[in-house]
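A.B. asks: I have a structure I would like to understand better, so I am pasting it below and will then ask my questions one at a time.
The values are calculated or read from the model by the stated rules, or taken from the named source; none is laboratory data. Everything numeric in this text was worked out from a predicted model, so none of it was measured. Cβ sites come from the backbone with ideal geometry, for glycine too, and all protein chains shown count toward neighbours.
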Amino acid sequence: MKITNLNDEFFSRLETLSLNLRSNLSGYFGGKHLVKTYGQTVEFSDFREYQLGDDIRRIDWNLFSRFEKYFLKLFTDERQMQVQIFLDCSGSMGKDQLPKARYAVSATAALGFLAVQNMDKLTINFMKGSHAENPFATIIGKNAFFRAMSTLEELEFADDTDIESCIANCPTTGDNNGLTVIISDFFTESSWKKAVDYLLYKHRQVLLVQILSPEELDPSYDGRVYLIDAESEAMEDPRNMKLRITRSMQLAYEEAMRDFRQDINDFCAKRGVGYISVSCDTPIERVLFGELMKVGIMS
């Protein structure tokens, strides 16, 4: 699957954006994210009284000459975060649905570019079956990022994905040091909710990006049809079936889809998890400049 819109023009439109991560994440030294702790940057933040054990080199002697008390200068602290992207590579995301697969890869590339632009560490994990593949190791800097794009463009989508196992068995999940993004349609029998709870247990900031096709949101089928599951391995799979589509079935499907998306939204709202659901015919810029800003991920 060749992705044709990952070019200089695509990435240049992202130059003005940045990821907005929680300030109480720990991260690593040397990044661009301001955190609540005090550090060693040149930007002054506050004063506090000297306490036994403090570094005397940080005492402000000008204040001592005025108040005859010891005060320390405090400076802001900036950290480098770890941004993890888990991309669902199941058949429902891309098999016979090139626009949906292209959109998922574009979203992965856009969020990955914003991470390296912010001087963050980036890992891109392809969820396939019960494990997540990370062919790039840790990506730091734009040069390493663009070298990874050729592999990203040739990604294959097939079979099904166990999101819970892929994330739980990932060896590079950090603790309280950044953002984890899961990009999927969440059409899975595995417990993706347990995967989210695991990430929250690891004190990760979490964002779910649900990508759906226009046909999935508003199917136009009518009469007798043969529905084939994109993740089935054989024609006799029980998930494949012949149906006669009626108006009542269409209404039932619309209600089920609304309930499905609302369930994800309610689950995320209770846990403070970011969640956006988009159709793959929505311009990617509208998602980045609009939807992600609404959930506080983008600034």
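A.B. asks: So for region 146-153 (the condition being more than 23 Å from residue 290 (Cα to Cα), modelled with pLDDT of 80 or more and surrounded by 17 or more Cβ atoms within 10 Å (Cβ to Cβ)), does at least one residue qualify?
C.D. replies: Within region 146-153, one or more residues are more than 23 Å from residue 290 (Cα to Cα), modelled with pLDDT of 80 or more and surrounded by 17 or more Cβ atoms within 10 Å (Cβ to Cβ).
A.B. asks: OK, next. Any residue at all in region 156-179 that's modelled with pLDDT of 85 or more, surrounded by fewer than 16 Cβ atoms within 10 Å (Cβ to Cβ) and within 14 Å of the chain's Cα centre (by Cα)?
C.D. replies: Within region 156-179, none of the residues are modelled with pLDDT of 85 or more, surrounded by fewer than 16 Cβ atoms within 10 Å (Cβ to Cβ) and within 14 Å of the chain's Cα centre (by Cα).
The rows are residues; the columns are (1) charged (D, E, K, R); (2) under 25 Å from residue 101 (Cβ atoms); (3) touching a Cys at 6+ places or on another chain (Cβ under 9 Å); (4) loosely packed, with under 11 Cβ neighbours inside 10 Å.
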| site | (1), (2), (3), (4) |
| --- | --- |
| 251 | no, no, no, yes |
| 261 | yes, yes, no, no |
| 270 | yes, no, no, yes |
| 273 | no, yes, no, no |
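A.B. asks: Another question, then. So which of 71, 64 is at pLDDT 75 or above, over 39 Å from the mean Cα position of the chain (by Cα) and outside the structural domain of residue 118 (by TED's automatic domain parsing)?
C.D. replies: 71
A.B. asks: Given the residues 133, 164, which is the only one that is without any contact (Cβ under 8 Å) to a residue 40 or more places away in the chain, over 16 Å from residue 108 (Cα atoms) and out of contact with any His (no Cβ under 8 Å at 6 or more places or on another chain)?
C.D. replies: Of the residues listed, the single one that is without any contact (Cβ under 8 Å) to a residue 40 or more places away in the chain, over 16 Å from residue 108 (Cα atoms) and out of contact with any His (no Cβ under 8 Å at 6 or more places or on another chain) is 164.
A.B. asks: What pairs come up if the first residue lies in region 201-228 and is at positive phi, the second is at pLDDT below 90 and not basic (Lys, Arg), and their beta carbons are under 6 Å apart, counting only those six or more places apart or on different chains?
C.D. replies: Close Cβ pairs (under 6 Å, with a partner that is at pLDDT below 90 and not basic (Lys, Arg)) amount to 203/175; 203/176.
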